[in-house]
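To keep things clear, I will list the structure first and then write my remarks on it.
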Amino acid sequence: MDEGRHPATTRRRFLTGAGRLIGGLGAVQLVAIRPGGATPDSMAAAIRRVVGAADVRDGKVSIEAPPLVENGNSVSITVAVDSPMTPADHVRGIFIFNEKNPQSNVANFRFGPRAGRAGVSTRIRLADTQKVVAIAELSDGSFWSASVDLIVTVAACVEGT
């Protein structure tokens with residue numbers, strides 16, 4: 001057998017076999033698609049894991065998000081905290097939670113006094129119409145929160161995607 005043709009023959013056999021394998025798997029369901037299993041109780045448990053036994057008070061936190069979301073795959077959200085961001089009084093962290101995604105704790109952000117601004121803008125995925133909660137941890141150990149109810153017309157975050 002010619003040395004120059006051997007790699008091409010092997011490649012051809014591999015690609016033919018891979019094509020047959022992929023074609024054969026077309027009839028088999030590879031991923032089970034189910035809605036997210038999170039609940040308001042799992043969101044409350046995720047919040048407790050972050051704040052421990054501390055009280056979470058309303059105020060100092062604001063959330064900007066569209067009240068009606070056309071596509072849950074990319075939802076713009078901005079969280080801001082009223083803080084002077086000084087060494088004695090600053091935000092240590094911002095945590096975002098939701099009640100119906102597969103994972104209730106969506107995002108965590110850490111800050112120091114030199115961050116300059118206590119706020120974040122990001123995009124999240126939402127599985128369904130649900131409540132989104134933002135909690136801020138301040139340097140004095142207190143926790144403050146805000147929440148918004150968002151209506152989602154096209155859901156995202158189904159398990160297996």
Rounded percent of accessible protein surface that carbon and sulfur make up, region 102-161, 1.4 Å probe: 47
Those GluC sites (Glu not before Pro) in region 49-123 that DSSP places in a loop and that have at most 15 other beta carbons within 10 Å: 70
Nitroxide proxy distance, nm - points 7 Å out along Cα→Cβ at residue 122 and residue 68: 2.8
Segment residue 39-residue 58, length gained on full extension (0.36 nm per residue, minus Cα span): 4.7 nm
Probe 1.4 Å, protein heavy atoms only - accessible area per residue of region 23-152 in square angstrom: 55
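The values are calculated or read from the model by the stated rules, or taken from the named source; none is laboratory data. Please read all numbers here as calculations on a predicted model, not as lab measurements. Positions of Cβ are backbone-derived with ideal geometry, glycine not excepted, and every protein chain shown enters the neighbour counts. Remember, those area values only see protein heavy atoms, side chains included, never the ligands or the DNA or RNA. Shrake-Rupley method; radii C 1.70, N 1.55, O 1.52, S 1.80 Å.
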